[in-house]
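Everything below concerns the one structure shown next.
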Amino acid sequence: MIDPYEMLGVSREADGAAIKLAYRKRAKTAHPDAGGDVDMFSKLTMSYELLSDPVRRKVYDDTGYDPELADTKDLQGLVILETLVNEIILDEREPGSFDPVAAMRRKLTDKIVNARFHILEMERHRARIRNHIDRIGKKPDADVLGRMLRSRCDTINDAIVKAETEIGHIEKAYEMLDGYSYEIDAVAVEMKTAAE
């Protein structure tokens, strides 16, 4: 994630005039026509646009994220975390009686384990199909069965790649939870235990 304040070299309290001045100053040397890097100039411009838009700036200041400045993997991780946050919001248990951060970590770990198990299953299916392909005698003029089986292998390969990508997104969501902890209310836990 690009920090637009850092990119422009302004403080978080900078007003519109200071942001505009910082952008123009940096743009002179960062612009590709002035020998600057295209990617760097693009990031500089995106940073300026974000900080110039009061709504986007407020969202960024509150959350630390902006869709246009975020890495795709970050966005996918946020989508996964958003689902887990919704589950916490809907949880009827008393706040402080359970650790929602630990619950999110457990759910993410379970998702990773399930995805890895699914990949292993798909790899086993693919190996069986390949074994069949190796054993089937080919028809001289048209290998319909071979094409069908190879097509199934390709489909399984695509599904494995998709599952591995999803694992990467889940791992990113897990990373985003680093540094968070939750204070459990000992009294609420005791009351819950006594009620059971």
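The values are calculated or read from the model by the stated rules, or taken from the named source; none is laboratory data. Just so we're clear, the structure is a prediction, and the values are computed from it rather than from any experiment. Positions of Cβ are generated from backbone atoms using ideal geometry, with glycine treated the same way; all protein chains shown enter the neighbour counts.
Across region 66-73, a minimum of one residue is classified as of a type outside the set (S, T, N, Q) and not in a loop (DSSP other than H, G, I, E, B).
Candidates in region 35-49 are the residues that are under 24 Å from the mean Cα position of the chain (by Cα) and of a type in the set (Gly, Ala, Ser); of these, the one that is farthest from residue 60 (Cα to Cα) is 42.
Quick check on region 43-63. Is at least one of its residues among the small types (Gly, Ala, Ser) and outside the structural domain of residue 109 (by TED's automatic domain parsing)? Yes, there is a match, as at least one residue in region 43-63 is among the small types (Gly, Ala, Ser) and outside the structural domain of residue 109 (by TED's automatic domain parsing). Yes or no: region 56-63 includes at least one residue that is in a helix (DSSP H, G or I) and over 30 Å from residue 167 (Cα atoms). Yes, region 56-63 has at least one match. For region 1-18, the set of residues classified as surrounded by fewer than 12 Cβ atoms within 10 Å (Cβ to Cβ) and either of a type in the set (Asp, Glu) or not in a loop (DSSP other than H, G, I, E, B) (or both) consists of 6, 13, 15, 16, 17, listed by residue number.
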